Structures are given as structure tokens and as C-alpha cells.
1. Could you tell me what percent of the accessible area of segment 4-324 is made up of carbon and sulfur, with a 1.4 Å probe and every protein chain present?
2. Tell me the relative contact order for segment 139-282 as a rounded percent, counting alpha carbon contacts under 8 Å between residues six or more apart.
3. Consider the candidate values (i) 30, 24, 23; (ii) 46, 21, 18; (iii) 103, 25, 15; state which one is semi-axes √(5λ) of the Cα gyration tensor in Å computed from the structure displayed.
4. Once you keep just the Cα pairs under 8 angstrom separated by 6 or more residues, what percentage relative contact order results for the chain?
5. If a helix is a whole DSSP H run, which ones in the chain reach 15 Å or further along their own axis (Cα) and hold a mean Kyte-Doolittle hydropathy of at least -1.0?
6. Taking the Cβ of ASN201 as the center, what net charge do the other residues with Cβ under 13 Å away carry, scoring Lys and Arg +1 and Asp and Glu -1?
7. Compare the Cα positions of ILE202, ASN250, VAL162 along the charge dipole of segment 115-260 (+1 at Cβ of Lys, Arg; -1 at Cβ of Asp, Glu; about the Cα centre) and return the one farthest towards the positive end.
8. Which trypsin sites (Lys or Arg not before Pro) from segment 104-192 combine a DSSP loop assignment with at most 15 other Cβ atoms within 10 Å?
Amino acid sequence: MSGLETATVGQPLSTLHEKGSYEVADFEVPTGREEEWRFTPLRRLRGLHNGTAEGDGKVLVEAEAAPEVTVETVGRDDPRLGRAYRPADRVSAQAWASFTEATVVTVPKEAVASAPTVLRLNGEGQAAAFGHTTVILEPFAQATVVLVHRGSATYADNVEFVVGDGAFLSVISLQDWADDTVHVSHQYARLGRDARFTSHNITLGGDLVRISPTVAYAGPGGDAAMYGVYFADGGQHLEHRLLVDHTEPNCRSRVDYRGALQDQDAHAVWIGDVIIRVAAEGTDTYELNRNLVLTDGTRVDSVPNLEILTGEVAGAGHASASGRLDDEHLFYLQARGIPFDQARRMVVQGFLGQLIERIEVEDVREKVQAAIEAELER
């Protein structure tokens, strides 16, 4: 059966998200009782959370850059790294302390990329690996960046997006790992004045995948749209923990994540934290999570949290819903001669397709659609 949580956290979000450090020792080893770890099966993290992860694993990065975009491999002493964030938990700090090379993507001032820039991250075995990616859009630049994760890995990484004043960045992150992969990733976006940021997280593969996207504002007028699609099969744990931290006035954010679950012990977790701080007057924000439960034996934990510290907001709200296929929808289709299995697929495809259609890169969009169809065929 599915479960649904809608209670807010015990301590204020603004307090919960204030900590941050690049030092691993500044974070206690998680026990599973902490708010940020209570849904994650720590025993399945292979030591990424407590320093016991072993091996010299590899996740190779292949880049296909647009003509206007520069992609570099740099050492950890590059001054461009670490500009957009501080690690917020022990795994993120461990990833920061452990990577040896980073990928830096730069879009020059006022440049408009004529094609997507694609980074393909390919895991080679289950030995522990750590990575770092920095994407920098200089003022008034525009670009689309695609991250494709495949292969087998035990992998922790940080990805930071620095979006300059008036710039626009669209990010598509596809987690299409092999069934034996563990991936813990933190994605941080810092938006300048009047910057726009759109992200699509599509999580389909892996044994345990935990993605933590964060948006923070460095100037007024920023606009962020965060979309997500996930499909959990038997035994999979797919977790998305979002934070939108409104610190500047007159900024906007929209969050829409949707998932489907089938088979025994499929587990989906969605945490959506939004903070509107005292200085963030005129904020307009809304977050939504919906989950479609296809079989017995699954579990959903969906927790939207909203903390408002100013009385001057343009709009703020959140919603969460998890349930089974609508019998009326299925009956309507079957009454018109459509077999049950096909009707079921059509309903699920329509439910997730509203977000998949937003993916502007045709090749990625078609691959995601095909992957969803393959999941349903199973």
C-alpha cells in the first residue's frame, strides 16, 4: 500500500537549512533519525554517508559542447569551483573533499548557445567515486545543458549552476543508471538579478538514487522552474529533496514533480522545502508533487514544507497527492473498446507526459517517453 506524509518538520526550515561547511568533520555521521535522513535507507548507501565507502571507482565524463560553449577538465584548486554553494550534509562534504578533477562549463557573456551542451557521465563498476561539475553562465547568456548518467556506480557528486544577471539556463538531468547503482547528488543553482533557471530531473534507473536540487537567489527578479519525473520499480528507492530559498525581493519559483510506482518495495520520496525570508518581499511561489500508485506493495513519502517570514508576498502555496489509477478514467477508455492494459498505459503516459512534453531537447524527450513505455510493458 502507499503511504503519504504531509506534516511539517519539527524545527523551522530556516534553521534546518542554515548549516553548511566544506569540512566533512563538521557533520555528524547520520543515524537515520535526523530529519534530512529519516527516509533514506542508510545501509544501502555503501558507506557514502559515513566514510567507509571503498575503492577507486570511475565515472567518466564525455562532453559534447555547443560551438559557443567551453568545457574544461580542471583540478580541484580551480577558483571557479565552489562559488554557488556550501555542502549542506556529510555526503556532499565528502564529495567536495574527495573529487580529483572537475568539469567546468562556461557560456560567455551575451552568448546564445545554438545547441545543447551534453555531458555523459558513465559509471564503470561499483567502487566508490566522487565528482564535481560547475556550469557558469555569464550575464545575459543563454544555454541548455544536459547531464546523462548511465552505467554502474557508487557515486556522490555536487553540481553547481552559476546563472549571471539576465541569463537563462535550462538543465536536463537524466538518471538512467543500471539497476545496481547508488547515486547521491546535490544540485545547486544561484540566480543573479533577473536570471531565469529551468531544471528537469528525470530519474528512472538505479538501486538507490537521492537527488537534492537547491535554488538560491543572489538578486531580485529571479525566476526558477523545477520539474521532475520518476518511475520506481520493485526494490528501487528514488528520493528527491528540493529547497527553494527566497532571500531576495520579487522573485518567482514553480515546482512540479510527478512519479509512478509499481511492484513490491518500490519507494519514492519527495521533500519540497520553500523558505521565504524577511527580505524576500513580493515572492511568488508554488510547489506541487503528485504520485500514481500502480500496484500494491509500494510506498510514497511526500512532504511539502513552506515557511514564510514576511507578510508581503505575491503568492505562496503547495500541494501533494498520491493515489491509484482513476477507475473512471479506465472505465471510460475500456467502454470505447480499449483493452485494460492499453488503457492503463495511456493514463500513466498522460499523467507523466504533461511534464515530459516540457523537455525542449527532442532526443532526450523521446528517450524518456520510450523508457516510460518500457517500464509499463514490464
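1. It is 45 percent, rounded to a whole number.
2. 19 percent
3. It is the value labelled (i).
4. With pairs under 8 Å counted, the relative contact order is 12 percent.
5. The answer, listed by residue number, is 340-356, 362-377.
6. +1
7. ASN250
8. Sparse-neighbourhood loop trypsin sites (Lys or Arg not before Pro): LYS109.
The values are calculated or read from the model by the stated rules, or taken from the named source; none is laboratory data. Computed from a predicted structure; not experimentally measured. Reconstructed Cβ throughout: ideal geometry from the backbone, glycine too, with neighbour counts over all protein chains shown. Ligands, DNA and RNA are stripped out before the accessible areas are found, and what is left, the full protein with its side chains, is counted by its heavy atoms. Shrake-Rupley method; radii C 1.70, N 1.55, O 1.52, S 1.80 Å.
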